[in-house]
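The values are calculated or read from the model by the stated rules, or taken from the named source; none is laboratory data. This structure is a prediction, so every number in the text was calculated from the model and none was measured. Using ideal geometry, Cβ is built from the backbone for each residue, glycine included, and neighbour counts are taken over all protein chains shown. Just so you know, the surface numbers come from the protein's heavy atoms only, side chains and all, with ligands and any DNA or RNA stripped out. Shrake-Rupley method; radii C 1.70, N 1.55, O 1.52, S 1.80 Å.
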Amino acid sequence: MTRAPADGGSSGSDGARAVRGVAWGGVESAAGAITGLVVTPLIVRAFGIEGLGLWAACWSLAHSAGLLDLGIGASYARFTARAIARGDAAELNGTVAAGVGLHLLLAAAIGALGAAAGPLVVSAFAPSDALRGEAALLLGGALAVVVLRLILSAYRGVLAGAQRIDILGRIGALVTLVEGAGAVTIVLAHGPLRLLALNALAAAALASALEGLAAHRVCPELRVRPWRARNEQWRPLFGFALKLQAARTAEVLAHHGPRVVLAAGPGLAAAGVYDLAARVARAMQAVGTLPLPVVQPLATRLQALGEDRRLALLLQRATRYVGLLTIPCAAVLILDAPGFLFAWTGDAAAATAAAAATRLLVASAAITLLASPARLVLRGLGHAGLEASAAGAGAALHLTLAVVLAASLGAEGVALGALLGAVLAASWLGLGGSRLRRDLLAFPFLASLGGALAAGLLAFAGGWLVRSLVVPSALPAIAGRGAALVHLAAESAGAGLFFFVAALVSGGLRRDDLALLRAARGTA
């Protein structure tokens, strides 16, 4: 048997590799958050809230075209992780051959669909002549980015399956900063909005090239030969992918559908308000998702090695870490959404308009994040059907409420639908998962969240106390962005202090967490 290098060696190094992956994922997330914080206000200032709404609607529609991926991209990590854990290069190359071959066919379908439906979409989104030319090139560039990343997503799957999330984080951080610098340059040079799409396409090409080089270096026996897979290789991949596709379809529609509904209904201004709120929630998600990229491939690896005890420990730790990262951020954002929005954008009207939607979307994102470790572990074990049904139920409720409430409540009504959909999806997943794997999704798993939840309530109370007793004496009113930043810093300091102390007392933060960091540093 031809053997591929199982980049990762002994099971004792799994924790250190996971921590390094989380650390570099954090660098990538920080780069993305900083870029978004810098670029978004510039877009609003240069092109107005309607320009931001047009940008968001075009990208949402383009990413919705990624539904034709059929779940293959999300399936790579499970099958490549299993092949690499077994040292089976033939299985690895068969998986990649099947996936890339199908992706080439799907890319052609997306291109044909975009060419046929593009003019109608542009007319619906941008009825004025001034925006119509921008919309056509924006949509075309966004579709090109989606197609390129779709075809070459196998490289990301190989790196994830090899437990080299750290490499993906390094590449992602570099490319994000390059793209962000290009976007800032374009806006400051008074370039047209369409150039931002070309900048994104160049960044996507750079990311795919770097990922390809890294994948071949990590797995020297990797061969990308489309359509060269045997039936016994592509059938399991395709069957698993279709289940994941149902879940991904629901997630993409729930994420991008509301912007399209708002743009086509209440208008681009409402879509821009919703997108502003969604960007705040996404910034929080960038923090909360730090532990998540390692979960699915590591769960598959532990299952292949028969390590059930470590599998349960993986789920408990990942859930606790997500809670520790997500809950204090959500507490601060819900406590003072208008202050954060004003400090970020400098636009008082936009901050006021987006405050309620921001609070609702932040709460929705927090619920989804807390359920994500269980979802990814179940996916890594092959239970993709439950994930699909849970995501479908949540997305159906969200989109139904979005259509019903958009006309009367605008962005706030659509955000309320997102919150109720997240509650339904998390409940569905928890109940179904406890029936499938009660040994994993039982009391130990639920108890892992207790400390973080208790600390989060105290964090909210601490931030509110500082806001009520300390901040007003020094800042009776927020007169500018600088004062708003001071206001937020005081609230965040109070919330953070309360959270840290409560997490230590409740057991949400433990001494063995530091041992993982030392192990990662020692093997870096």
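Here are the numbers for the structure shown:
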| item | result |
| --- | --- |
| When the convex hull of its Cα atoms is projected in every direction, mean area for the range 313-439 (nm²) | 8.4 |
| Cut-off 10 Å between beta-carbons: net charge of the residues surrounding residue 381, Lys and Arg +1, Asp and Glu -1 | +3 |
| Computed E for residue 209/residue 305 - FRET, C-beta separation, R0 25 angstrom, nearest 0.05 | 0.15 |
| Cα centroid separation, the range 251-267 to the range 139-203 (Å) | 23 |
| Student exercise, the range 125-246 dipole from Lys, Arg, Asp, Glu Cβ charges, in Debye to nearest 20 | 540 |
| Principal axis dimensions, largest first and in whole angstrom, of the range 239-286 by Cα | 42, 27, 7 |
| Förster radius 41 Å - calculated FRET efficiency between residue 242 and residue 45, Cβ distance, rounded to 0.05 | 0.40 |
| Per residue accessible area in Å² of the range 253-325, where ligands, DNA and RNA are left out and the probe is 1.4 Å | 31 |
| Percent carbon-and-sulfur accessible area, the range 216-375, ignoring ligands, DNA and RNA, probe 1.4 Å | 60 |
| Where the range 141-233 is the region considered: accessible area per residue in Å², 1.4 Å probe | 43 |
| Size of charge dipole - the range 263-347 - debye, nearest 20, with Cβ of Lys, Arg +1 and Asp, Glu -1, no other charges | 400 |
| Distant-in-sequence amide H partners of residue 347 (H built 1.01 Å from N, under 5 Å) | none |
| Net charge over other residues, Cβ less than 11 angstrom from the Cβ of residue 208 (K, R count +1; D, E count -1) | +1 |
